[in-house]
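Q: Can you read through this structure? Questions will come right after.
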């Protein structure tokens, strides 16, 4: 019974065991797949984290840079001025009257002593004739006075003789003596009148002479201020008829140099300048002197620096505006730092992040400057010593820099680094 039963049951147990085994295998495969997926995700996460860590991060700051190079630097002082003749004379009239003639005009070349204009001499000639007549009358008065003195002396001598003989009284003698004294005094007066009328005659003749206007120098007429028929009045000051420049082949430029730059220039140094009439032409000159008289305009103090210029080509004209440069230092093929890098200063809140908490390098001398060199995406502060400058570049005197280094000239805040 038992065996029969067992024997009868064997065929039915074998398929059931096989199914369970398959189920178990499938469950194990599912678990394996699940754990494998988790493991793969973990590995992927680790790999991603490593790659993210190694990948370049966005910088905390963005820098605009300029590079150090090698080239010339010319340190200059610039100033504005005006072109003028070395000697300019205003020719005027010392007498009043109507302009009778003008013998020169703008641009005329004149010689010293040449007649350039005349004032109507009619009134002055009449005054001179009257003064001459007065002089002749005064001379005649002296002759009359001398005759009166001779007569008074004779009367006095005769009266004195008669008085000794008792034929004339003492009163008559005193009268004769007084008449002699009066005659002598009148003679002195007439003699003084001669001198007075002689002076008046000389003055009248001089005024007549002044009606002829002559050039006091050799030069060129650059200005004429009157016309024929115009009346000039010389009562208070001599009116200017012409302006004459002595020699337009040699000119000068009067420049206004700021007090901060006046110590950089000296007499004898070369100067260059341009004028608006010839913007592409550079004229050369030489500094003659720096005048001590200070000019103050709107609280700005300047000094007149006079530059001598050769104008043999006659291109320059009086009154032209000149833009002058004085080169006081020159360096050829020197290492140059952009001035924008020398001016760059990060704000106080950015300095700790740039220096990573370290202190800025110490500045020892007034010429020491701090620049920021870009290294591997970071800005590193360095101390350098700057020399002469042309306004765009400065000479590198000393410091750990070389041509090609990138220096920060401007900085913007970018995306911050992840912690």
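Q: Quick check, is residue 140 without any contact (Cβ under 8 Å) to a residue 12 or more places away in the chain and either surrounded by 12 or more Cβ atoms within 10 Å (Cβ to Cβ) or assigned by TED's automatic domain parsing to the domain that holds residue 197 (or both)? Working first, answer last.
A: Working: without any contact (Cβ under 8 Å) to a residue 12 or more places away in the chain: yes; either surrounded by 12 or more Cβ atoms within 10 Å (Cβ to Cβ) or assigned by TED's automatic domain parsing to the domain that holds residue 197 (or both): yes.
For residue 140, the condition - without any contact (Cβ under 8 Å) to a residue 12 or more places away in the chain and either surrounded by 12 or more Cβ atoms within 10 Å (Cβ to Cβ) or assigned by TED's automatic domain parsing to the domain that holds residue 197 (or both) - is met.
Q: Still on this structure: Inside segment 183-213, can you point out the residues that are in a strand (DSSP E or B) and surrounded by fewer than 16 Cβ atoms within 10 Å (Cβ to Cβ)? Lay out the reasoning, then the answer.
A: Within segment 183-213, the subset in a strand (DSSP E or B) is 212-213.
212, the sole residue that qualifies.
Q: Can you spot a residue in segment 162-173 that is assigned to a loop (DSSP other than H, G, I, E, B), surrounded by 17 or more Cβ atoms within 10 Å (Cβ to Cβ) and in contact with a strand residue (DSSP E or B) (Cβ under 8 Å, 6 or more places away or on another chain)?
A: If we filter segment 162-173 for residues that are assigned to a loop (DSSP other than H, G, I, E, B), which is where we start, we get 166-169.
Adding the requirement that they be surrounded by 17 or more Cβ atoms within 10 Å (Cβ to Cβ) leaves 168.
Imposing the further condition that a residue be in contact with a strand residue (DSSP E or B) (Cβ under 8 Å, 6 or more places away or on another chain) reduces the set to none.
No.
Q: Let me ask you something else. Please state which of the following conditions residue 127 fails to meet, knowing it meets all the rest: (1) farther than 30 Å from residue 242 by Cβ; (2) in contact with a helix residue (DSSP H, G or I) (Cβ under 7 Å, 6 or more places away or on another chain).
A: Among (1) farther than 30 Å from residue 242 by Cβ; (2) in contact with a helix residue (DSSP H, G or I) (Cβ under 7 Å, 6 or more places away or on another chain), the lone unmet condition for residue 127 is (1).
Q: Which residues, taken from segment 371-390, are in contact with a helix residue (DSSP H, G or I) (Cβ under 6 Å, 6 or more places away or on another chain) and on the phi > 0 side of the Ramachandran plot?
A: none
Q: Here's something else I'd like to know. Which fully enclosed strands (runs of 3 or more DSSP E) of segment 68-138 have 1 or more residues being within 30 Å of residue 405 (Cβ to Cβ) and at pLDDT below 95? Give the steps one after another, and end with the answer.
A: On the way: elements: 69-85, 88-92, 97-102, 115-119.
Here the list reads 69-85.
Q: Next question. Please go through segment 143-169 and give me each residue that is in contact (Cβ under 8 Å) with a residue 24 or more places away in the chain, farther than 30 Å from residue 202 by Cα and touching a helix residue (DSSP H, G or I) at 6+ places or on another chain (Cβ under 7 Å), ordered by number. Before you say what the answer is, go through the steps one by one.
A: Initial filter on segment 143-169 (in contact (Cβ under 8 Å) with a residue 24 or more places away in the chain): 144-146, 148-149, 151-153, 155-156.
Those still in the list that are farther than 30 Å from residue 202 by Cα too: 151-153, 155-156.
Result: 152, 153, 155, 156.
Q: Taking segment 308-342 on its own, how many of its residues are surrounded by fewer than 13 Cβ atoms within 10 Å (Cβ to Cβ), touching a residue at least 60 places away in the same chain (Cβ under 8 Å) and not in a strand (DSSP E or B)?
A: Going through segment 308-342 one residue at a time, the tally reaches 3.
Q: Can you tell me which residue within segment 215-231, out of those that are part of a loop (DSSP other than H, G, I, E, B) and over 13 Å from residue 110 (Cβ atoms), is farthest from the chain's Cα centre (by Cα)?
A: At the first step, the residues of segment 215-231 found to be part of a loop (DSSP other than H, G, I, E, B) are 215-218, 225-230.
Still in the running and over 13 Å from residue 110 (Cβ atoms): 225-230.
Values: 225: 30, 226: 34, 227: 37, 228: 41, 229: 43, 230: 40 Å.
Ranking the qualifying residues of segment 215-231, first place goes to 229.
Q: For the subset of segment 264-290 comprising residues that are out of contact with any strand residue (DSSP E or B) (no Cβ under 6 Å at 6 or more places or on another chain) and without any contact (Cβ under 8 Å) to a residue 12 or more places away in the chain, which member is surrounded by the most Cβ atoms within 10 Å (Cβ to Cβ)?
A: 279
The values are calculated or read from the model by the stated rules, or taken from the named source; none is laboratory data. None of these values were measured; they are calculated from a predicted model. Neighbour counts are summed over all protein chains in view; Cβ atoms, including those assigned to glycine, are modelled from backbone coordinates with ideal geometry.
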